[in-house]
Structures are given as C-alpha cells and as structure tokens.
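The values are calculated or read from the model by the stated rules, or taken from the named source; none is laboratory data. All of these numbers come straight from a predicted model, not from anything done at the bench. Glycine gets a Cβ as well: all are built from the backbone with ideal geometry, and neighbour counts include every protein chain shown. These accessible areas exclude ligands, DNA and RNA; they are computed on the full protein's heavy atoms, side chains included. Shrake-Rupley method; radii C 1.70, N 1.55, O 1.52, S 1.80 Å.
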Amino acid sequence: MKKLHIKKGDTVIVNAGNDKNKVGKVLTVFPAEDRVIVEGVNVVSRHTKPNSKQPQGGIIKQEAAIHISNVNLVDPSSQKATRVGYKFVDGKKVRYAKKSGEEI
C-alpha cells in the first residue's frame, strides 16, 4: 500500500480544477487510485431509481473523488496551503507543516 501525505480527517485546500481554492475536510482516501473525497468539493448530480433508502428516487448531490495531487494540506497556524514533512519526535514519526514547522 502507498504512503500518502493526506489522511482522513485532514483539512485540505484544492489547488487545481473547477473547485480551486475551496477548503474542506477529507472524508475518504483511496490509496490504490491516489484519490480523495473532500467535503463540499467536486459535487456531482447522481440520478437514482426509487429504492428502500430513497423511496422517491430522483437526483442526489454527492461528492466525487479528486486526484490527491490537486489538494494541499492546510497549515494549522496560517490557514494556507503547505507541504508535508516527516520527522521523528521521541522515537515516533510525526507529520509537520513545511511552512510553519508546526506538527500536524
């Protein structure tokens, strides 16, 4: 399995595409496809037939996956896009924001 710089629950900013500069929380990560689903980003309309969950059927808005290269982690201190670095603290590997040096 691949090691990715983005994890579920991270706050990210989109840096390319129709939703550029939108900020959202990562809902799901697909490491095999290098894709993520971000809350409120890349919303698509899905036409569904009536079923037990949706007795009426109709058009449902939901988020679709975007490529992981199109998102950057948001720096906790400055709220701007940053790259992710790794360092060892007390024998544990931790992620940190390259811009501010703050641990994530």
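Of all residue pairs spaced 6 or more apart or on separate chains, those with beta-carbon atoms under 8 Å, a first member in segment 71-90 that is within 17 Å of residue 25 (Cα to Cα) and a second member that is open to solvent by 60 Å² or more (accessible area, probe 1.4 Å) and in a strand (DSSP E or B) are 73/11; 74/11; 74/23.
Just checking, does segment 49-60 include any residue being open to solvent by less than 60 Å² (accessible area, probe 1.4 Å), at pLDDT 95 or above and part of a strand (DSSP E or B)? Checking segment 49-60: not a single residue is open to solvent by less than 60 Å² (accessible area, probe 1.4 Å), at pLDDT 95 or above and part of a strand (DSSP E or B). Quick one: in segment 29-65, which of the residues that are without any contact (Cβ under 8 Å) to a residue 24 or more places away in the chain and in contact with an Asp or Glu (Cβ under 9 Å, 6 or more places away or on another chain) is farthest from residue 3 (Cα to Cα)? Step by step, filter segment 29-65, then rank; the result is 44. Restricted to segment 16-46, and to residues that are of a type in the set (A, V, I, L, M, F, W, C) and part of a loop (DSSP other than H, G, I, E, B), which residue is most open to solvent (accessible area, probe 1.4 Å)? So the residue we want is 32. In this structure, residue 77 does not satisfy being open to solvent by 80 Å² or more (accessible area, probe 1.4 Å) and at pLDDT below 95. Can you confirm whether residue 87 is of a type in the set (Lys, Arg) and not in a strand (DSSP E or B)? Answer is no for this residue.
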